[in-house]
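Visitor: The structure under discussion is supplied below as C-alpha cells; questions concerning it will follow.
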Amino acid sequence: MVRFSVTRKPTAPIDGQKPGTSGLRKKVKVFIQPNYLENFVQATFNALTAEKVRGATLVVSGDGRYYSKDAIQIIIKMAAANGVRRIWVGQNGLLSTPAVSAVIRERVGVDGSRSSGAFILTASHNPGGPNEDFGIKYNMENGGPAPEGITDKIYENTQSIKEYLISEDLPNVDISAIGVSSFGGPEGQFDVEVFDSASDYVKLMKSIFDFESIRKLLSSPKFSFCYDALHGVAGAYAKRIFVEELSAQESSLLNCVPKEDFGGGHPDPNLTYAKELVARMGLGKSSSGQEPPEFGAAADGDADRNMVLGKRFFVTPSDSVAIIAANAVEAIPYFSGGLKGVARSMPTSAALDVVAKNLNLKFFEVPTGWKFFGNLMDAGMCSVCGEESFGTGSDHIREKDGIWAVLAWLSILAYKNKANLDSGKLVTVEDIVRQHWATYGRHYYTRYDYEVLVLVFFIGIQCRMIKGVRSDVSKVVHGDEFEYKDPVDGSISKHQGIRYLFEDGSRLVFRLSGTGSEGATIRLYIEQYEKDPSKTGRDSQEALAPLVEVALKLSKMQEFTGRSAPTVIT
Ligand code: G6P
Ligand code: ZN
C-alpha cells in the first residue's frame, strides 16, 4: 500500500471567500491563485470540526467544468491529510447536484460505508472554461446545502486561516476508472472509491416513477421527445435514463456530451440560452421548418434546473410546479399516499397557492434558495416545491432536480394519455397547461433582470403611489419587505425582497440576486392573476403590459440604473 505523510502549509486569509446562495463562485482565474481553493477547503473542514471530519466518508464531484479535475485531486490530498477515511468520486469526477444529494442519502459503498457530506464542484448555470466560472459548495448529511450557520463559520475561518493540511506525496488518483485505491497514512487507511455516476440516481428515479408507463409513452409513434443537456452533466444521466431505460431515440438527445466549457455556451435552461432546443420546439425565430417534437426539456450545467416545453409552447417554471403538484398523486407512484405539503419561493408566482388551496394542502412561501425547502422536507412538511428560477423538486432528495422534473412531466403525460396512445388524440403539454389555467386561473408572469449594476439600489414601500399610474391595474392591498420565520428551527431571514400585493391576486416583487459573480443584479418579478377562464389565453407580454409600466415607473428603474431596458427577460 502506498504511504503518505501530512504537511502543514502556512497560508494567510484571502478576501472575498464568502459563500453565496449556492457556495463560492468565482472566475477560474481567481480559483487557481495559490492557496485559494486550499484555504476554502480547509476552512470548510475547520467549520465542520475535526471530530466530524476524522474518519468520515465524503463525496467529491461536480458538473465537470474546467478546473474540476485539478480541484478533485487537491481536495483528495487535503481530505487524506485531515483524517478523512474515504473519498467517493463519481467516474471522471462527474455527479449532478441532485445525484450528489441522492448519493449522500442512499449510496452504500463497496465496503458497506455511508457518506456524510459532499464537496460539489459547480457554478451551476454559469459558463465554464479558463476565462469563466468555477464554484464549490458543501452539502450536509441530509443531502442538502450547508445551512447559514455552517457557511458563516466557513467564511469566518477563511478570514483567520493560518495553515492548511495536505498530503503532497499522495499520488494522483485515476478518476476515470471505477474501483477503490487504498493508501496508508499516519492515522491509518485512506480509500478513494470511484463509482458509476448514474447508477444510484437511476435506481432512485425507478423507485419514484412508473418507468413502464413512461416507456410506453416514449415508444408511441404519436409522441416525440427532445432533451438538451447544454453540454452539462445532465448528459451523463440523459442517455442512461431516457435512451437505455425508457427507449427514447438516441437522436432525441441534444448536447448530451458533458464538456469542460459547455461547448462555449451558457448552460442555463431558458428561452434565451437553450437556443437549439427552442428552435427545435418551433419557438424561436430560427425554427427549423420541421414538425417540432411534442415534448422538449433542458437542464443547466449541474442538472438541478429544468425548462419544460411543449410543441411551440413554453411552460413557466411557476406553472410547472403547480401542475406537477396538482397531478402528482394520480400520476406519480411515489406520491400515491398524498402530498405532505407544497412550497414555493417568494418571487415564484402564486399558481401553486391556488392548487394548495383547492386541494387543501399545507402551503409554505419561503425565501429564495433551496435550503429553505430542505428544512420543511426534513420535518415531513413538504413533498413538492419549486422556484421561478427553473428549479423544481421533491422530498426524494434535498436539491432541486432537473431530470426528476422531466420524469414528472412525462408521468403526467403518460397518465393523461393512458387511453389515447393506441387510439384517440394525444393530450399535449399545451392541453395540460390550458386545462390547468381553466381550472385554477392563470398567473401571467415575467421577470426582468438588470445585471452587473455598480450602484446600490433601494425601493421604498410606496403603495399609495401606484394609484394613478394606470387605472387598469387593481388596488394594492399590502406592501412589505419579505421576512421569513422558519417554522422548523425558528430562524429569521430578513430583507428577502420587496413585494406589492394587489387586490386581484397580482403581485410585483423586487429583489437583489444572491448568485451573481460580478456587480449587483436587480430582479423584478411581475405577475398578473386572471381567474376568468375566457381570458386565460392572452399573450403574456400583452397581459402584463399595464403592470410592467407601473413597476418601472414606481421604482424609477431607468433613473436609478441608467438602463432603459433589462439585460434579460424570462
Ligand atoms: C440558485 C439557487 C436557487 C435560487 C437561485 C436564485 O440557483 O440554487 O435556489 O432560486 O439561485 O438566484 P438569484 O440570483 O435570484 O439569487
Ligand atoms: Zn444548477
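Please treat every number below as a calculation from the coordinates, not as lab data. Just so it is clear, the structure is predicted and the values come from calculations on it, not from any experiment. For neighbour counting, all protein chains shown are included, and Cβ atoms are generated from backbone atoms with ideal geometry for every residue, glycine included.
Visitor: In nm, to one decimal, how far is the modelled label at L426 from the one at F560, with both set 7 Å along Cα→Cβ?
Guide: Going from the L426 label point to the F560 one covers 4.6 nm.
Visitor: Modelled label-to-label distance, D489 and E291, 7 Å Cα→beta-carbon offset: nm?
Guide: So the two model labels end up 5.3 nm from each other.
Visitor: Would you mind getting me the FRET efficiency between K418 and E518? Use the beta-carbon distance for r and R0 = 45 Å, nearest 0.05.
Guide: 0.35
Visitor: Now for a separate question. For the chain, what is the mean residue ellipticity at 222 nm derived from helices alone (per DSSP H run of n ≥ 4: -39500 (n - 2.57); sum divided by total residues; nearest 500 deg cm²/dmol)?
Guide: -8500 deg cm²/dmol
Visitor: Mind listing the long-range amide H neighbours of V342? Cut-off is under 5 Å, sequence gap 5 or more, other chains count too, H placed in the peptide plane at 1.01 Å from N.
Guide: K362, F363, F364, S383
Visitor: Follow-up question, since we're still on this one. For the ranges 212-224, 487-499, what's the packing order if you count other beta-carbon atoms within 10 Å of each residue, average per peptide, and put the highest first?
Guide: 212-224, 487-499
Visitor: Counting only DSSP beta bridges with both residues in the stretch 266-404, what percent are antiparallel, rounded to the nearest 5?
Guide: That works out to approximately 65 percent antiparallel.
Visitor: Please identify which residues in the stretch 425-447 have an amide N closer than 20 Å to a label point set 7 Å out from the Cα of S534, following the Cα→Cβ vector.
Guide: 434-444
Visitor: For the stretch 2-197, what does the alpha-carbon gyration tensor say about shape, rounded, prolate or oblate, given a ≥ b ≥ c as the root eigenvalues, a/c under 1.5 as rounded, and a/b over b/c as prolate?
Guide: Rounded, because the longest to shortest axis ratio a/c is under 1.5.
Visitor: Going by the alpha-carbon gyration tensor, a ≥ b ≥ c the square roots of its eigenvalues, is the stretch 470-522 rounded (a/c under 1.5) or, if a/c is not under 1.5, prolate (a/b greater than b/c) versus oblate?
Guide: Taking the square roots of the gyration eigenvalues as a ≥ b ≥ c, the stretch 470-522 is oblate.
Visitor: Distance from the Cα centre of the stretch 534-570 to that of the stretch 219-240, in angstrom?
Guide: After rounding, the separation between the Cα centres reads 34 Å.
Visitor: Any chance you could check the Cα centroid distance between the stretch 107-141 and the stretch 301-363 for me, in angstrom?
Guide: 26
Visitor: From a point 7 Å beyond the Cα of D169 in the direction of its Cβ, which residues of the stretch 80-100 have a backbone N at a distance under 20 Å?
Guide: Those under the cut-off are 80-85.
Visitor: Can you tell me the 0 to 90 degree angle between the C-alpha axis of helix 36-48 and the longest principal axis of the chain, rounded to 10?
Guide: Between helix and principal axis, roughly 90 degrees.
Visitor: Can you compute the modelled spin-label distance between K206 and E250, with each label point 7 Å from Cα toward Cβ, in nm?
Guide: So the label points at K206 and E250 sit 2.2 nm apart.
Visitor: Pairs K29/K153; K69/K259; K203/K416; K311/K531; K206/K340; K475/K531: which exceed 18 Å Cα-Cα?
Guide: In this structure, K29/K153; K203/K416; K311/K531; K206/K340 exceed 18 Å between Cα atoms.
Visitor: How would the stretch 442-569 be classified by its alpha-carbon gyration tensor: rounded, prolate or oblate, with rounded meaning a/c under 1.5 and the a/b versus b/c comparison settling the rest?
Guide: Oblate is the answer for the stretch 442-569, as a/c is 1.5 or above yet b/c matches or exceeds a/b.
Visitor: How big is the charge dipole of the chain about its Cα centre, in debye rounded to the nearest 20, if each Lys and Arg gets +1 on its Cβ and each Asp and Glu gets -1 on its Cβ?
Guide: 640
Visitor: Express in nm, to one decimal, how much length is gained between V568 and D70 on full extension, taking 0.36 nm for each residue of separation and deducting their alpha carbon distance.
Guide: Computed gain between V568 and D70 is 175.9 nm.
Visitor: Projected onto the charge dipole of the chain (+1 at Lys/Arg Cβ, -1 at Asp/Glu Cβ, origin at the Cα centre), which of G441, S113, F295 gives the Cα projection farthest towards the positive end?
Guide: Of the candidates, G441 comes out farthest on the positive side.
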